[in-house]
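Chemist: Right, I'll just put the structure down here and ask away after.
The values are calculated or read from the model by the stated rules, or taken from the named source; none is laboratory data. Just so it is clear, the structure is predicted and the values come from calculations on it, not from any experiment. A quick note on method: Cβ atoms are made from the backbone with ideal geometry, for glycine too, and the neighbour counts reach across all protein chains shown. Please note that ligands, DNA and RNA were not included when accessible areas were found on the heavy atoms of the full protein model with its side chains. Shrake-Rupley method; radii C 1.70, N 1.55, O 1.52, S 1.80 Å.
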Amino acid sequence: MLRCKAAINGDAVKINFVNAAEWQTFVKEPNLLIDRIEKEVFIVRNFMNPRLVDEFKQFCLQFSSEKDASWHPCLDNCPDYHRIHHQYPQAFVKSTQHGYYFHPWNENFARLMTFSGFEEIFELKARAAGSHFSAFSKNLPSQGPIVRIVSHQYPPGGGGQEEHIDPVSPFAKVQTIIQAADPGLDYHTGGLYINDPEFGVVNIDPLTRKGDLILASPGVKHGVAPIDDDQELQWDTTKGRWIIMPIIIHSDHVKDISLKPYQTTNS
Ligand SMILES: [Fe+2]
């Protein structure tokens with residue numbers, strides 16, 4: 001395991017570069033990861049082949065070209081949908097991004113699960129909760145926590161997300177973010193950072209390439225600094241920062257507000 005010290009004021013947050021074998025060890029024994037995730041960040045190099053990442057993005061772009069943007073609560077019969085978030089005032093955390101949401105009870109999911117890597121991420125999250133992916137994989141929203149594949153495109157010209165922390169639930173003990181763009185090629189400034197309580201702001205995106213998997217704590221403050229904000233905002237482009245996130249979440253049948261992410265900065 002290679003270690004990179006992201007120097008901040010002469011000190012450092014531990015960033016670990018992980019290979020495929022070490023990732024497999026985490027999938028089998030998530031506590032090896034969970035026990036360290038509060039104080040460290042892990043990057044699994046080449047987690048997904050960049051050509052597959054591009055196929056996934058193409059799938060999203062095709063989807064949004066055929067279907068109008070919309071929003072749906074996560075209740076039974078929730079369709080797959082895509083949605084433009086543009087500093088929506090009612091949002092728990094304000095963002096500027098194009099989000100895509102795919103669910104196992106709809107027709108797209110079986111195709112998406114053929115992309116290598118998603119099942120391992122779901123398995124790690126489920127095992128961290130003392131269970132198995134199969135216990136969540138077929139749940140409908142009314143039946144308990146559900147699995148969802150999410151993608152975000154943060155467009156050039158200010159795409160981003162305010163600093164926040166996410167709820168740490170038994171099946172969300174670690175954030176698993178597939179980097180789906182190439183920093184330096186698809187965008188030049190902004191991107192994912194963590195605001196570590198000890199070391200301050202650490203920019204994560206410049207350490208990554210398309211296809212890498214970022215593992216970080218949901219409970220440490222983080223955000224997406226504005227992408228290429230020297231440009232005009234561009235929604236109609238394939239550029240900008242893209243991520244893919246397989247997640248297990250409570251459905252909207254659960255109304256507990258403490259389970260929602262919340263903003264940690266003033267706007
Ligand atoms: Fe988050």
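Chemist: Out of the residues in the range 235-252 that are open to solvent by 30 Å² or more (accessible area, probe 1.4 Å) and touching an Asp or Glu at 6+ places or on another chain (Cβ under 9 Å), state the one that is nearest to V174 (Cα to Cα).
Modeler: My answer is H250.
Chemist: Between a residue in the range 186-198 that is acidic (D, E) and any residue that is not in a strand (DSSP E or B), which pairs come within a Cβ distance under 7 Å, given they are 6 or more apart or on different chains?
Modeler: D186/K239; D186/G240; D196/V220
Chemist: What do you reckon, is G159 more than 30 Å from L32 (Cα to Cα), touching a residue at least 40 places away in the same chain (Cβ under 8 Å) and small (G, A, S)?
Modeler: Working: more than 30 Å from L32 (Cα to Cα): yes; touching a residue at least 40 places away in the same chain (Cβ under 8 Å): yes; small (G, A, S): yes.
When the stated conditions are applied, G159 passes them.
Chemist: Kindly indicate whether S64 is over 17 Å from A128 (Cα atoms), open to solvent by less than 60 Å² (accessible area, probe 1.4 Å) and assigned to a helix (DSSP H, G or I).
Modeler: Working: over 17 Å from A128 (Cα atoms): yes; open to solvent by less than 60 Å² (accessible area, probe 1.4 Å): yes; assigned to a helix (DSSP H, G or I): yes.
Yes: the conditions hold for S64.
Chemist: Give the range 154-204 a look and list any residue that's of a type in the set (G, A, S) and within 15 Å of the ligand (Cβ to nearest atom), or say none. Step through it out loud before you land on a result.
Modeler: The initial filter retains those residues of the range 154-204 that are of a type in the set (G, A, S), namely 157-160, 169, 172, 180-181, 184, 190-191, 200.
Within the range 154-204, G159, G160, S169, A172, G191 meet the criteria.
Chemist: Just the residues that are open to solvent by 10 Å² or more (accessible area, probe 1.4 Å), within 16 Å of the ligand (Cβ to nearest atom) and part of a loop (DSSP other than H, G, I, E, B), please, taken from the range 205-225.
Modeler: Listed by number, the residues that qualify are G219, V220, K221.
Chemist: So V13 passes all but one of these: (1) over 27 Å from F102 (Cα atoms); (2) in contact with a Gly (Cβ under 8 Å, 6 or more places away or on another chain); (3) open to solvent by less than 60 Å² (accessible area, probe 1.4 Å). Which condition number does it fail?
Modeler: Status for V13: all satisfied but (2).
Chemist: List every residue pair whose Cβ atoms lie under 7 Å apart, where the two residues are 6 or more positions apart in sequence or sit on different chains, the first residue falls within the range 133-153 and is closer than 18 Å to P170 by Cα, and the second residue, located anywhere, is surrounded by 16 or more Cβ atoms within 10 Å (Cβ to Cβ) and hydroxyl-bearing (S, T, Y).
Modeler: P141/S251; I146/S251; V147/S137; R148/Y101
Chemist: Looking only at the range 61-102, filter to residues that are of a type in the set (V, I, T) and within 16 Å of the ligand (Cβ to nearest atom); which one of those is nearest to I146 (Cα to Cα)?
Modeler: Result: V93.
Chemist: Now a separate question. Checking the condition in contact with a strand residue (DSSP E or B) (Cβ under 9 Å, 6 or more places away or on another chain) and under 21 Å from D186 (Cβ atoms), which residue from P104, P155, P50, P145 passes?
Modeler: Values: P104 fails: under 21 Å from D186 (Cβ atoms); P50 fails: in contact with a strand residue (DSSP E or B) (Cβ under 9 Å, 6 or more places away or on another chain); P145 fails: under 21 Å from D186 (Cβ atoms).
Testing whether each residue is in contact with a strand residue (DSSP E or B) (Cβ under 9 Å, 6 or more places away or on another chain) and under 21 Å from D186 (Cβ atoms) leaves just P155.
Chemist: Now a separate question. Name the residues in the range 187-204 that are open to solvent by 30 Å² or more (accessible area, probe 1.4 Å) and in a loop (DSSP other than H, G, I, E, B), would you?
Modeler: Once the filter is applied, which keeps residues that are open to solvent by 30 Å² or more (accessible area, probe 1.4 Å) and in a loop (DSSP other than H, G, I, E, B), the range 187-204 yields H188, T189, G190, P197, E198, F199.
Chemist: Follow-up question, since we're still on this one. Give me the pairs: first residue in the range 217-235 and under 20 Å from G99 (Cβ atoms), second residue open to solvent by less than 10 Å² (accessible area, probe 1.4 Å) and more than 16 Å from the ligand (Cβ to nearest atom), beta-carbon distance under 6 Å, and six or more apart or on different chains, which are they?
Modeler: Pairs that qualify, where the first residue is under 20 Å from G99 (Cβ atoms) and the partner is open to solvent by less than 10 Å² (accessible area, probe 1.4 Å) and more than 16 Å from the ligand (Cβ to nearest atom), are I227/P156; I227/Y187; I227/G240; D228/P156; D228/Y187; Q234/P155; Q234/P156; W235/P155.
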